[in-house]
Amino acid sequence: MPTTAEATLAEYLAAFNDADPQAIEAFARDRTTLRQASASWPVQRRSAGPLTLISSEAAGDHAVSAVLQDRWDRYFRLKLTVAEGAPPRISAMGAEPLEPPNDAPPARMDWPQLREALAAKLVNNVAQGWFSGALVVSRNGETLFQAVHGLADREAAVPNTLETRFRMGSMNKMLTGVSALQLVAAGAMRLDDPVGRHLPDYPSHAFAETVTVGHLLNHTGGAGDFFGPAFSEHRLQLADIKDYVALLGARDPEFEPGSQFRYANYGFIVLGAVIEAASGSAYDDYVAANILGPAGMTATGALPESVEVPGRAIGYMEGRDGLVRSDPTLPVRGTPAGGGYSTVGDLVRFAEALTSGRLLEAESLVLVIEGGIEAGPGATYGMGFGKGAYDGSRWCGHHGGAPGQNGALTIFPDTGYVIAALSNGDPPQASSLSNFIQARVPLAG
């Protein structure tokens, strides 16, 4: 016989997965004391449902821990506590991501098999409304697969195309990482330089003296995030790197620099300021001259949202009653930490320029592909790139995501495969497709 908590979990899942959206709204109204449930659960249902129960374990009569899988094949542990009453109400709920089970990894495929499986997955995702964006798979400069779906502007019925410029979130960190390594190779700075060597007036002396360029590149400096109440309050005033530093630069490191990995968006803002000081150029000007130009990336940039950029898609995020524009959440412009825009074609060109040695010398390229610090099971982060290996096949790249935007670039330097996906919808519309391909891509030809 199920416990009170197990029975409540079953009722929650039934309401969450019900085809009628009012079911979860009614459950949130009648069966929980959580104040945000009425607003958040309907949005979660639209963005992640249906949920599949994999396993559950009761902890007494009023608590349960369950492993769930969402529609994107992501796994997480949900911990739920219920209070006494008739009916019992959910009083606490928390979730943490989990690695996929190890007992059934996806099978490697040859390319014709993977192309067929990918085409079928796209048909399903598009039919369900789960993908608006563009996708390219290439190998050694040859396009093997490309697809584009959805609308860049829903109000004007403008379709997405392969030339649509999508916001790419944190994927800008790759450009910042390459910029820093170029300057290191040129002798303009070193990985062990403290921030204060290049920014002598940095507000926090503790930060300037103990956090190095290498710490920032590897997210080991304790720089923290810039998203939060201060960002929300001052969002429209944060027009340049110096504005972020003025707002947040007095903070000391969150932990002893170098002692742990903790993803830090603000660290890449500081890195952008260091790049400006070391190069003598504005960050965007340096990137344009030393990365975008040499790679032939003519559609990539970080112009302000107030500027009309031809072909830049409007972002759409899940709201309580459906899709809404994500404009009110966007930074004023792209930064060294993220927020710029690109096309799938430009991302492929970046990958090819990187691996061919046009952007970095061999020693620096090794740091991009192999160097870094453990950032999770089977994953490493370093120099502005995530990296790892599946069955001995190395990969590097970066995902990016925020409301109304999602992207992923995955580069396989040993086999020449490149996956570029961008979306003007919520995560993980693009990254889920990239992950699907990444887990199945051939180890050889």
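Among residues belonging to the stretch 4-46 that are closer than 26 Å to Gly425 by Cα and β-branched (Val, Ile, Thr), point out the one that is surrounded by the fewest Cβ atoms within 10 Å (Cβ to Cβ).
Val43
Let me spell it out: the conditions are (1) surrounded by 15 or more Cβ atoms within 10 Å (Cβ to Cβ); (2) assigned to a strand (DSSP E or B), and Phe226 meets all of them except one. Which number is the exception?
The single condition Phe226 does not satisfy is (2).
Scan (1) touching a residue at least 40 places away in the same chain (Cβ under 8 Å); (2) surrounded by 17 or more Cβ atoms within 10 Å (Cβ to Cβ); (3) in contact with a Phe, Trp or Tyr (Cβ under 7 Å, 6 or more places away or on another chain) for the single condition Gly267 breaks and write down its number.
(3)
So which residues in the stretch 73-90 are more than 16 Å from Glu11 (Cβ to Cβ) and either small (Gly, Ala, Ser) or open to solvent by less than 70 Å² (accessible area, probe 1.4 Å) (or both)?
Those that are more than 16 Å from Glu11 (Cβ to Cβ) and either small (Gly, Ala, Ser) or open to solvent by less than 70 Å² (accessible area, probe 1.4 Å) (or both): Tyr75, Phe76.
Sort out which residues of the stretch 120-138 are small (Gly, Ala, Ser) and either surrounded by 12 or more Cβ atoms within 10 Å (Cβ to Cβ) or farther than 20 Å from Trp72 by Cβ (or both), and write them in order of number.
Within the stretch 120-138, Gly129, Ser132, Gly133, Ala134, Ser138 qualify.
Pick from the stretch 200-216 the residues that are in contact with a helix residue (DSSP H, G or I) (Cβ under 6 Å, 6 or more places away or on another chain) and farther than 19 Å from Asn172 by Cα: which of them is surrounded by the most Cβ atoms within 10 Å (Cβ to Cβ)?
Val211
Could you list, in sequence order, the residues of the stretch 357-393 that are open to solvent by less than 30 Å² (accessible area, probe 1.4 Å), free of Cβ contacts under 8 Å to residues at least 60 places away in the same chain and within 20 Å of Ala295 (Cβ to Cβ)?
Answer for the stretch 357-393, where residues must be open to solvent by less than 30 Å² (accessible area, probe 1.4 Å), free of Cβ contacts under 8 Å to residues at least 60 places away in the same chain and within 20 Å of Ala295 (Cβ to Cβ): Leu365, Ile369, Gly386, Lys387.
Of all residues in the stretch 298-314, which are among the small types (Gly, Ala, Ser) and under 21 Å from Ile269 (Cβ atoms)?
Start the filter on the stretch 298-314 by keeping residues that are among the small types (Gly, Ala, Ser), which leaves 299, 301-302, 306, 311, 313.
Within the stretch 298-314, Gly301, Ala302, Ser306 qualify.
Being open to solvent by less than 60 Å² (accessible area, probe 1.4 Å), out of contact with any Asp or Glu (no Cβ under 6 Å at 6 or more places or on another chain) and either polar (S, T, N, Q) or over 21 Å from Pro200 (Cβ atoms) (or both) narrows it down to one residue among His219, His234; which is it?
His219
Determine which member of the set Val309, Val344, Val324 is surrounded by 20 or more Cβ atoms within 10 Å (Cβ to Cβ), at negative phi and among the aliphatic types (A, V, I, L, M).
Testing whether each residue is surrounded by 20 or more Cβ atoms within 10 Å (Cβ to Cβ), at negative phi and among the aliphatic types (A, V, I, L, M) leaves just Val344.
The values are calculated or read from the model by the stated rules, or taken from the named source; none is laboratory data. What you see is a predicted model; the values in this text were computed from it and never measured. Counting neighbours? That spans all protein chains shown, and the Cβs are built from the backbone with ideal geometry, glycine included. SASA here: full protein model, heavy atoms, side chains in, ligands and nucleic acids out. Shrake-Rupley method; radii C 1.70, N 1.55, O 1.52, S 1.80 Å.
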